[in-house]
1. Averaged across orientations, what area in nm² does the convex hull of the alpha carbons in region B:648-772 project?
2. Please identify every one of the trypsin sites (Lys or Arg not before Pro) in region B:552-603 that sits in a loop by DSSP and has no more than 16 other beta carbons within 10 Å of its own beta carbon.
3. Nearest 5 percent is fine: what portion of the DSSP beta bridges confined to region B:164-300 is antiparallel?
4. If R0 is 41 Å, what FRET efficiency do you get for B:HIS614 and B:LYS55 from their C-beta distance, rounded to 0.05?
5. Taking Rh as the Kirkwood radius, which is the inverse of the mean 1/r over Cα pairs, what is the Rg/Rh value for chain B?
6. Report the one residue of B:GLY438, B:LEU425, B:MET406 whose Cα lies farthest in the direction of the positive end of the charge dipole of region B:394-443 (charges on C-beta: Lys and Arg +1, Asp and Glu -1; origin at the Cα centre).
7. Given chain A, what percent of its DSSP beta bridges are antiparallel, to the nearest 5?
8. Calculate, for B:GLU586 and B:ASP198, the FRET efficiency according to 1/(1 + (r/R0)^6) with r their C-beta to C-beta distance and R0 60 Å; round to the nearest 0.05.
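We did not get these values from a lab; they are worked out from the coordinates using the rules stated. Remember, it's a predicted structure, so these values are computed and weren't measured experimentally. No Cβ is skipped: glycine too gets one built from the backbone with ideal geometry, and neighbour counts run over all protein chains shown.
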Amino acid sequence: MREIELKVNGLRRKLGVADDELLLDVLRREFGTTSVREGCGVGACGACTALVSGKSVSTCLSRAARFDGAEITTADGLPADDEVVDEFVANRAMQCGYCIPGFVMMAHELLGENPQPTDEEVVEHLEGNICRCGTYSEIHAAIKAAATRRAAKNERATA
Amino acid sequence: MTTVESRSSVAAVGERWARVDGRAKVRGELQYAADQPVRPCLDVAVHRSTRPHAKITAIDTSRALAAEGVVAVVTGADLYAEFGDRLMTGPAFSDQPCLAYGKVRYVGEPIAAVIAHGAKQAREAAELIEVSYDELEPVHDVDKAVLGAPFVHDELRPSIVFGDLKHLRGKRDTNVNYEYNLRKGDPSSVSGTTVSYDFWCPPTHHVPIELPFAAAWCEGERLELLATTQTPSYVRQSLADLLDLPLNRVRVRTAPLGGSFGAKMYDRLEPLVAALAWTQKMAVKITATREEAFLLTTRHGCAVAGSMTADENGMIVASTSDVRYDTGAYADVGPRITAKSGLVAPGPYKVDNVHVRSRCVYTNKPSAGPFRGFGVPQVTWAHESLADELARQLGEDPVEFRRRNMLREGDIAPVGTPMHSADFLGSLDAVTEAIEWGTPFVKQEGTLVRGRGVAVGMKAVLTPTISNAVVQLNQDGSASLLISTIDMGQGSDTIMAQIAAEVLCLGEGDVRVVQADTDVTPYDTITAGSRSTYHTGNAVRLAAENMRDKLVELAAERFGVVATDIKLTSDGLVSAQTQENVSVSELLHGHFGARGTTLTAEANFSTSWQPYDHENGLSPQVTEHWFAGAAAVQLTVDTATGRVHIEHLAVAGDVGRAINPAMVEQQLSGAAIMGIGHALFDQMVFDEGQIVNGTLLDYQLPSIKDMPDKLTPIIIESPHRTGPFGAKGVGETTIIPLAPAIANAVRDATGVRITQLPLTPERILTALEEQS
């Protein structure tokens, strides 16, 4: 066991974790984040994706102890007016919905790095996430729409 | 009682209402089964067989029992001592124990369960169990299994669920647990141009991203269970049989499912947690790992030896199919798949001389069960490859050949049942038009060769089945709908609300669907086989109509007019004679004299069939309705690498009437994308009975990178005379013709007919080499 500090969706907490405990399990148990989910256990499906300082992490592969001091964002902690969430909803980018929060976090990472991704860049970025319902077209459209909306907002902010 | 023609300014059916809980799904706040708050549960892990076929001679659980955190270790023999033959469950045959006793029949079969404080402790302790085996000869493939010994089971044990299988009880010395034969005319009596091939589809897995989960505990003298299941009504009966309890002492709760596609139905984890909770009087839960999920159920591997013959006029005159479904160690619903898919093995064509022999075969592999398409994609792979090849050998356009031979409204299908609301022609025309079939295209660019292919799919809906619905209209005018259909992503909660809203003139968001819970929601056979829109949808429509009749009667009383004078609109109830009107809210308040009251109406909808003749397999009504769909594709094959790239995929399905067109399009697209995986790369690989690619690192699934450059879903509406507002289901329709459409395009591009799935680069390169 060791004591670490995590800041999850703005909430800072000290907690004890076992050396081999996964970040996925700690986020679910200690912070009640329902949006990170095990799908494969080997980092191959993306259902457990969270952002650590803006970078996507497969929490099913990550030992929590290594994230002492980290700032972590999960889909259920996004602000109410998050434009990525809004565009996923507007574009019907969900069916069973189980994998979708992982896609939302990947979209956040992508748009953080590359505010106007091309179609190819969107595809490249999402390649590691699996949606078994096959909602890929809607997810793709949602990300493009979020990029457009974010650009318009930034333009207004700088005008 | 009168029925009043109502229509208001708001419409529900046919509208693109947003999916219920869409925002909660996107944010990850929706609670799936494993997220639901339940009482603290001990964790269960199982020890699994390392042998494909063996007698269990001894089990040493002492080291596991002594391990840290372990509360109990239970073996199959322990449960058999408690339950006897009741331990054997299964929808068609009572052949599967939740923990093996006496004998194991596949690598990975659970033998003993560890109950511990924490999943990690349980899993570690399960590794400490030692099992001694006396090995038996295994049988790994269907063609060997149909010939005779070794036998996976000593004798057949039909369940009491499907009464038509009871004549098989006690049958010995066979691996064939069911055989369906369709005989019409005499295929050997006709001559013409014949094509024949041996086809193979490997076993595949559903891989819903949500992992299977089940928790169970005793509540006094009752058993309660929360599980990832799409068959709560079935599970309640199955557990009541297992535990020998009346139905009212078993409660099965469900949660929204994170996908299923057939993986989470019938007996999966539920008998195990129920048996453990009941015998140990403990609250227990089990979450399958992805590796374990691969062992719970699969799609049937399937061999088809098929032929098709056309006369000099290009009419199909004969069709034969020898179909062998590999059901693995346990039959699950394989016998139903064998018959219900066997009956469409000739395809959607008018053929006078037909012989189908369809067999369900035990082997020493994980059990195969229902998977989107219910075995029909496997036989469609054969008949649509044959039809395509036959057209090509006749020098004819594959689309024109199909159009000429296709079943049309009123025609009698080879199985003997008339066709209604099965628009093969409309589906075929729509997809071929979408990809511009018939217009020239560049055939070759460097190493890339380009081709187009088409295929049509035909399936019968599960019949007979039973659905019930209860509508509670709240005093404020909102409604609650009680049904046991499970929303696993197909959107049933949304469209059932739309059906109720249409009848009751309610708006978007006014109808809430209550989560299936057998203590609360009424019986529904299953959520499977694309049956819910038609069956449960009809029950919902009827219940809502009963509710409308009740409201009309209350209003007639209130206004002192006859009921035929009353009309329900979105503004409430109005009398045509007096122009008096009253809102639903006021009407119910007036009737009950209180706020927050509820008015309840219910309905049942059951379908019937005429069982097929055991000799010739024919039935004048084998199904309540048909699904019709088609796929057309333009693709390139890289002759240097063997890679297929899909440029345009168009899919169409006849849904009768689209209750929610947006969701229909998602189902059409989603099934097509799953079908791309089956066509190009998706397969379970076994080595001597051991699955070798049972992780998501090794098992390939379609990603966003496998999307066609263009994917066009097309809704065809040929209303069904008894569907709710003409509607039928759709979830499986476009997976059915997908693989043959792609293979036919590969044939068009390369000249090579490949008869084994998936069409991997290696397989394509090998075929190209053999051709040259």
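1. Average of the hull's projected areas for region B:648-772 equals 10.2 nm².
2. Hits after loop and neighbour filter: B:ARG595.
3. The antiparallel fraction comes to roughly 75 percent.
4. 0.70
5. For chain B, the value is 0.99.
6. B:MET406
7. Just about 90 percent of them are antiparallel.
8. Given R0 = 60 Å and the Cβ-Cβ separation, E is 0.30.
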